Structure formats: structure tokens, C-alpha cells
1. Rounded to two decimals, what is Rg over Rh for region 221-365 when you use alpha-carbon atoms and the Kirkwood radius?
2. Enter the Cα centre distance for the pair region 343-381 and region 389-443, rounded to the nearest angstrom.
3. Can you give the translational diffusion coefficient of region 60-198 in µm²/s, computed by Stokes-Einstein from the Kirkwood radius over Cα pairs at 37 °C and 0.692 mPa s?
4. Assigning unit charges at the beta carbon (Lys, Arg +1; Asp, Glu -1) and nothing else, what dipole magnitude in debye, to the nearest 20, does the chain show about its Cα centre?
5. Say each of Glu415 and Glu442 gets a label point 7 Å from the Cα, pointing the same way as Cα to Cβ; how far apart are those two points in nm?
6. Report the number of Lys pairs in region 44-193 whose alpha-carbons are under 21 Å apart, with separation of 8 or more residues or on distinct chains.
7. So what is log10(I(q)/I(0)) for the chain at q = 0.07, 0.10, 0.13 1/Å, when the Debye sum runs over its Cα atoms only?
8. For the pair Ala403 and Leu161, what calculated FRET efficiency results from E = 1/(1 + (r/R0)^6), where r is the Cβ-Cβ distance and R0 = 60 Å, to the nearest 0.05?
Amino acid sequence: MSLLIKNGTIVTASNEFVGDVYVKGEKIEAIGIDLNMPADQVIDATGKYVFPGGVDEHVHYGSFGALLFETSHAAGVGGTTTIVDFAPQDQGVPLLEAIRIQASKANNVASVDYAFHGIIMDPKDSVFDEIEHLPEVGVSSLKLFMAYKGTSFYSDDESILKAMMKAKDVGVTMMVHAENADIINVLQKYYLDQGKTDPVYHYYSRPPIAEEEATNRAIALAKVADCPLFIVHVSVKGAMEAIRSAYEGGFPVYGETCTHYLTLTTDYLAKPNFEGAKYVCSPPLRPQEHLDALWEAVQKGWLVSVGSDHCALVGGYEITKKKGLGNFAKIPNGCPGVQDRMVMLWTYGVCEGKITRQRFVDLFATTPARVVGLYPQKGQIAVGSDADIVIFDPNFKGTITNAESYHGIDYSPFEGFPIKGRPEQVFLRGKLIAKEGKFVAEKGKGRRLTCKPYALCYTYYHKDDK
Ligand code: URP
Ligand code: ZN
Ligand code: ZN
């Protein structure tokens, strides 16, 4: 099967030009001007953008009570052709076994290509000893949580430091959820004791300083371990500045933010009649000054990627979020967003002049692929890369509705948001999987990917010099 996409504006992380892309089988075989090789299908992309398929390096399918991979076709509809999921580890289950179990759940079910991060949820020496084997099973990143004390997700500083010291020896990228768990626990009780039970207290009990402090502590631990670091879902200015100043000081620390931290403020958590529960995720949504700082950071490269932190909780709002009625601390964390990442970033980033088209591609596809060791197979329109391609119609105008969302639950945090532009056709390895907001392929045809170690965060790290 061959495909020739003609006259589109091909956008990469560094440039753009009007040209043609020729796909043979699953790969991009040629890029140029006036290509005229015979093809089974020719698409005239005049007036459209041609982007690499998105790489969402922050999704939850199963962990935290999220739906499994049956709904991963939502990614494809939204222009994301690769997802990187966090494989949860049950108590007593070895880390590699946890990844094998999670991979078996995705096999023949995931509808876009997929890879995994490890999560350590049973922090002990035998588990830390497994870190060196992660690259052998195609996993090159590992997340530990400074938050969620009292649950199996939590790791103390000692565990994080031990994991970092193992990870750096084999080029595994350490990812940290940075929030100060003790501040959160004390403040949750403080507000609940006063009868302050509404969802907005999720924000007040997780103040910006709780994230800023933990981010600085994670950086300190990484410096002690001499281990590169990737801070996920950065939501506050102070945390972003901590990452920026560590990086500018020569230490390899990088950060991601997420669609909702760029586009939704704390006001959504304060919606009446418990509607705010729909927006409970951690870190919480922040006031506008943080959104402004994050937009500047993604444009200037102080934060390097935008994930969705997609977490479509089984039971959605009506059944699951409402478990927190009368106690904000019991509202399960997480929001869906894998389908909306591209249109939200485009509409509220590119169309509003906050980021360039090149930065958009970089944040949405290229750098996420680099972070997890999937580049240049993924995240790039280049000869030899997988033919994961989005033909994007910038003239489309519409509105996000849950009714048109494929994520499988009863609400969208972006309900009612006007959008400009949308992925008109989405190709996964040369095959059309989504068209004009509809999934059009057979489900379950995503393929497991192998992530290479010593990825982006190790770029300036020379193990032999240490
Ligand atoms: O609220 C969120 N973000 N749920 C998913 C878990 C996490 O910390 O990433
Ligand atoms: Zn997290
Ligand atoms: Zn997450």
C-alpha cells in the first residue's frame, strides 16, 4: 500500500514548507517537492497542515482506576498515534512482571501504538535491583510519586534516591510526581475539620508551594544521585522556574506540563453543585498567573512537552467522582484528555499566538518521542520514520462535546470549548485510522513499541566522566 500526500504544509519541530510526503507500507519513504511516484492513493492536502502523529507520553490506562485500552482509539481521533502508559505495580509483584501484565492488557486491544513507563509502587531493594533490566523489556522511564502518602503510589525520599542511583547506571529516565505529601495531608485534615468539603479545597490543600518545594527536593535528590530528571505535569510557575534554573545551571532536569494546566483555571474546581469534582486531578488546576507562566515556558523551551495525563476513571462523574461528595479528599483523581490535546494546544496556543507551529509540533510529538526513547521512529516527519501522519484542517470550527468524545466516560473537562482546526485524517503506520472526528479503522491494531534508554534527558550526561 502506498500513499502520496501532496501540497500540504509539512510542519516539523524546526521548520515548515509546502511539499509532498510519500509513504510506502508503514514508513515515510520520501519527502520533497513535486513528487510523482505512482501511489495507491493520492491526497491533495492543499491548504492543510501535515504534522507527525502525536506522541502522548503521559496517559493512564488502568492505573488510578482508569479505563483500560479499549478506549485508546480516542487518542487516534485526536491526532495522537503513540501513547506511553504508566504500568501500575501491585504489592509483591516484581516490576518487570507488572509491565508484562500491563502489556498483556494492551495487546490486541490498544488502537494506537503504545509503550510503557514503569511505576514503582512497592519500593524495596529487590524492586530497585530490577531497574537495570527495564531497557531489556523496552522500557526506558520510571515514575515515582512524592504525593499520595497513605497509598501504594507514595515513595519517600530514600526510595526515590535509591531508584535514581540505579536508573542513571542504565540510562533509565527518572520521572517524578512532585508534590509535598505531608503538606497535603495536614491541609486536607485542616479544611475537612472546618467542614470545608467542596472540590475547590482540593486546590487549597495542594497549594503551589507544595509542588514547588517537592520539585526543588526532587532536583536536590537527582543532584545527589547525579541522575537526569524529568518532572511530570508541572502546574505552577515556581516549579517551572526551579527546573529552568537547574537546567540553566547545567544540570539535566526537564519538565512536562499538560493540556489542562495550560487551559483550565482553579475556577473550574469551584463550579457549584459538585461539578468541580470533574476537574479534580493532581496537581490541581491553578490560578491564571500560572497558566500564563506555563505558556511562556512551553514557547521558550523551559518546559519541553505537553502530555494529557489522560485518566478516564471507570464510572466517570456520576459513579466515581461522586464518591467524594462531602469529602473533597475522597474524590478520585484524574480527567480524560487524550483526544483533546491537539485541538486545545492548537486553538489556545498557536491560534492565540502563544506558541509557534514549530513549538506545537515539538511539544505535541517530537520531544515526547525523544523523552521516552522513541525518536526518530515516532514524533517526526522524516524519511525512514513510521508513517504516523496527521492532515490537519486549520479552517474547521467546532466545539468540544463529550458526545463526540471516544474516551468512554460521561464528561469531558473541555466540554463547550470552541476549537479552531482539527485532525482531518490521521494515519498510523500508513493506515487511515481516523477521519473528521470519527475512528474509521479496526480497533486493537496498535503495536507495542520498544523505548531506547539514554534518551533526551541523558543528552548531556556522560556516564564515563563521573
Ligand atoms: O490526577 C491525576 N493526575 N491522576 C493521574 C495520576 C497522576 O498523578 O499522574
Ligand atoms: Zn502524577
Ligand atoms: Zn498521570
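1. On the way: Rg = 16.2 Å, Rh = 16.1 Å.
Across region 221-365, the Cα-based Rg/Rh ratio is 1.01.
2. A separation of 17 Å, based on Cα centres.
3. On the way: Rh = 16.2 Å.
This corresponds to a translational diffusion coefficient of 202 µm²/s.
4. On the way: 47 positive and 56 negative charges, 102 e Å.
Once rounded to the nearest 20, the dipole reads 500 debye.
5. Label-label distance for Glu415 and Glu442, simple model: 3.6 nm.
6. 11
7. -0.32, -0.67, -1.17
8. Rounded to the nearest 0.05, the efficiency is 0.80.
Quick note: the coordinates plus some simple rules give every number you see, no bench work behind them. Only a predicted model underlies this, so the values are computations on that prediction, with no experimental measurement involved. So basically every Cβ, Gly included, is an ideal-geometry build from the backbone, and we count neighbours across all protein chains shown.
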